[in-house]
1. List the helices (runs of 4 or more DSSP H) inside the range 8-116, counting only whole elements, that have at least 1 residues being within 16 Å of ligand 1 (Cβ to nearest atom) and within 19 Å of PRO155 (Cα to Cα).
2. Tally the residues that are away from ligand 2 (no atom under 16 Å from the Cβ) and either among the charged types (D, E, K, R) or under 11 Å from LEU7 (Cα atoms) (or both), restricting the search to the range 43-69.
3. Answer with yes or no whether ARG205 is surrounded by 19 or more Cβ atoms within 10 Å (Cβ to Cβ) and at negative phi.
4. For the range 127-219, list the helices (runs of 4 or more DSSP H) that sit wholly inside it and hold at least 2 residues that are touching a residue at least 60 places away in the same chain (Cβ under 8 Å) and more than 16 Å from ligand 1 (Cβ to nearest atom); which are they?
5. Has the range 153-160 got at least one residue that is among the small types (Gly, Ala, Ser), open to solvent by less than 10 Å² (accessible area, probe 1.4 Å) and over 24 Å from PHE198 (Cβ atoms)?
6. Could you please find all residues in the range 8-29 being under 14 Å from LEU44 (Cα atoms) and within 16 Å of ligand 2 (Cβ to nearest atom)?
Amino acid sequence: MIKVEDLHKSFGKLEVLKGITTTIKQGEVVAVIGPSGSGKSTFLRCLNLLEEPTRGRIWIGDEEITDKKTNIMKVRQHVGMVFQHFHLFPHMTVLENVTYAPIKVKGMTKAEAEAKGIELLKKVGLEQKANEYPSRLSGGQKQRVAIARALAMSPDVMLFDEPTSALDPEMVKEVLEVMKSLAHTGMTMAIVTHEMGFAREVADRVLFLDGGQLVEDAPPQEFFTSPKSKRAQEFLEKML
Ligand code: ADP
Ligand code: MG
C-alpha cells in the first residue's frame, strides 16, 4: 500500500530524514516511535506531501506521489490524517466538520454526506453530538470527531501523529479504542505514538526512528522484548 524508497528531507541545512526505506502493506498497522525530534512527524507528513521530500520516492498504491505529475490534492483524498491538536473547524458543527470535505471535494450530495457522517459518528460514539460545536466537546471527543472526519473521505490509508498526546489521561483510552476498532476493520494505518502498550497490542510492526534514520523495523514482540540497537534499548529504558 505504501512504499518509501530512500526518503530524505532537509529543512535548509538541517537534514531531518536521512534515507528511509520501508513498505507498509495493505491492512497493516505500523507504529512509528522514537525520541522527540527524530523525524517522526516529518516522515508522516511526507506520506501525504504535507512536506515535500528533498530526495527519494514514495508510492501510495500504484501511484508514485513523488512524481511531479501527481495531483497532490488527489493523493490527500486517499490518505487521511489525524493530528495531535485535532484541527477541527471551530465555526462548524460536528456533522458539518465531517461532511464538509465529502461535499466540497468529492461532490457528494448533502444528504449522502450526512447519512455517511452520522454513520461514522456512530462508529466513534458521538452521533448525539452531531449538532454541537467543537468548543463544547472534550479533547477526547474532538479527536474522535477528527477521526470520523478523516474517515468520511474513505481513505485507503490513515496517518495519526500523536493523536493522544494532547489529551488528559482519562480521555486517552476512548481514542485508542476507536483506533483499535479501526485497525480491526483492516484499515492501513501509520501511527506516531508514545503509547507503548497500544503499539505493542495493536501494531503489526514497529518502526523506530532516531536521528532521521530508520534504526529498527520489527514486530512489536521482538522490538519490545529484544531491541537490536543500543539506541532502541536506551529509548525503551526511558519509556518503560
Ligand atoms: P518528531 O516528530 O520525531 O519529534 P519532527 O519530524 O517534528 O520530529 O522534527 C524533526 C526535526 O526537524 C526537528 O529538529 C525539528 O526542529 C525539525 N523541523 C521539523 N519541521 C521543521 C520545519 N518546518 N522547519 C524547520 N525545521 C523543522
Ligand atoms: Mg512529532
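1. Details: elements: 40-47, 72-78, 94-104.
In the range 8-116, 40-47 are the helices (runs of 4 or more DSSP H) which contain 1 or more residues that are within 16 Å of ligand 1 (Cβ to nearest atom) and within 19 Å of PRO155 (Cα to Cα).
2. Filtering the range 43-69 down to residues away from ligand 2 (no atom under 16 Å from the Cβ) leaves 49, 52-69.
Those still in the list that are either among the charged types (D, E, K, R) or under 11 Å from LEU7 (Cα atoms) (or both) too: 52-58, 62-64, 66-69.
Result for the range 43-69: 14.
3. Working: surrounded by 19 or more Cβ atoms within 10 Å (Cβ to Cβ): yes; at negative phi: yes.
Judged against the criteria, ARG205 is a match.
4. Details: elements: 139-151, 169-184, 196-202.
Hits in the range 127-219: 139-151, 196-202.
5. So the first thing to find is which residues in the range 153-160 are among the small types (Gly, Ala, Ser), and the list is 154.
With the extra rule that they be open to solvent by less than 10 Å² (accessible area, probe 1.4 Å), the set shrinks to none.
No, there is no match, as no residue in the range 153-160 is among the small types (Gly, Ala, Ser), open to solvent by less than 10 Å² (accessible area, probe 1.4 Å) and over 24 Å from PHE198 (Cβ atoms).
6. Residues satisfying the conditions are LYS9, VAL16, LEU17, ILE20.
The values are calculated or read from the model by the stated rules, or taken from the named source; none is laboratory data. Just so it is clear, the model here is predicted, and its values are computed rather than measured. Every residue, glycine as well, gets a Cβ built from its backbone with ideal geometry; the counts of neighbours run over all protein chains shown. Only protein heavy atoms, including side chains, enter the accessible area calculation; ligands, DNA and RNA are left aside. Shrake-Rupley method; radii C 1.70, N 1.55, O 1.52, S 1.80 Å.
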